[in-house]
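Below you'll find the structure, written out as structure tokens, and then a few comments.
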Amino acid sequence: VCSTQRGVLLIHQQYAHERILYEQYRTALSGQPIAMQKSLFPVTLTFSAADATLLSELIPDLQAAGYLLEPMGRTTYVITGVPADVESGNEKSNVEMILENYKKFPSPLSLPKREKLILSLTKQHAIKMGKSLSLEEMKALVGNLFNCELPGTTVTGCKTFIELSYLYLETLFA
């Protein structure tokens with residue numbers, strides 16, 4: 001909840017973060033890579049042949065999004081870097097979930113591969129509904145949201161916030 005001069009904003013933290021991340025990843029994959037942190041303990045992943053082939057196609061875009069994966073054979077990869085703002089320790093599950101989200105897009109939905117990857121990254125890294133945020137995290141979320149090109153909705157059209165005017169709130173208590 002955030003107050004304004006006209007009323008209050010109710011902000012959906014997951015949807016707001018999805019909007020922020022979507023725009024960050026879109027920018028990153030357009031030529032301004034996201035900062036990466038090298039892993040102290042590289043993580044090894046083994047995939048099916050089909051998933052390994054798909055992952056090899058996505059590696060250049062994943063690298064722009066902050067993931068550094070190196071092939072170690074035909075179906076094995078080593079994660080040696082992750083985006084700087086991603087919590088370390090979950091590298092393996094993050095990459096696996098990004099790949100799963102990518103594969104789950106319905107085939108009739110004709111999105112370019114890069115767009116599907118951006119949406120997969122966004123879904124995986126967004127703050128989940130119900131997660132407690134500190135005051136600083138809330139302020140950063142609100143500030144980043146209103147620095148977006150389209151702060152009012154997610155890519156899928158869900159509202160990121162609603163505004164309740166003070167006049168409307170007064171009628172609720174009349």
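The values are calculated or read from the model by the stated rules, or taken from the named source; none is laboratory data. Bear in mind that the values here come from a model prediction, so they are computed numbers and not experimental data. Please note: Cβ atoms are built from the backbone with ideal geometry, for glycine as well, and neighbour counts cover all protein chains shown. The area values use the complete protein model at the heavy-atom level, side chains included, leaving out ligands, DNA and RNA. Shrake-Rupley method; radii C 1.70, N 1.55, O 1.52, S 1.80 Å.
Observations, loosely collected:
- Amide H contacts under 5 Å for residue 81: 39, 68, restricted to partners 5 or more places along the chain or on a different chain, H placed in the peptide plane at 1.01 Å from N.
- Only protein heavy atoms count here; on that basis, with a 1.4 Å probe, residue 88 has an accessible area of about 80 Å².
- Residue of 13, 37, 24 that the Gaussian network model of the chain assigns the largest fluctuation, springs spanning Cα pairs under 10 Å: 37
- Heavy-atom accessible area, probed at 1.4 angstrom with all protein chains present, ranks 2, 148 as 2, 148, highest first.
- Value of Rg/Rh across the chain [Cα atoms, Kirkwood radius]: 1.06
- The angle between the Cα long axis of helix 49-64 and the main principal axis of the chain comes to about 60°, on a 0 to 90 degree scale.
- Stokes-Einstein, applied to the Kirkwood radius of segment 11-89 over Cα pairs at a viscosity of 0.890 mPa s and 25 °C, places its translational diffusion at 181 µm² s⁻¹.
- If you wrap segment 61-149 in the convex hull of its Cα atoms and look at it from every side, the mean projected area works out to 7.7 nm².
- Nearest 10 degrees, 0 to 90: helix 91-103 Cα axis against the chain principal axis: 80
- A simple spin-label model places pseudo-atoms 7 Å from Cα toward Cβ; at residue 138 and residue 78 they are separated by 4.4 nm.
- Of all lysines in the structure, those lying under 26 Å Cα to Cα from residue 139, and not within fewer than 8 positions of it along the same chain, are 123, 128, 131, 159.
- Mean separation of Cα contacts under 8 Å, 6 or more apart, over the residue count of segment 1-157: relative contact order %: 32
- Folded to 0 to 90 degrees: helix 13-28 orientation relative to the chain principal axis, Cα: 50
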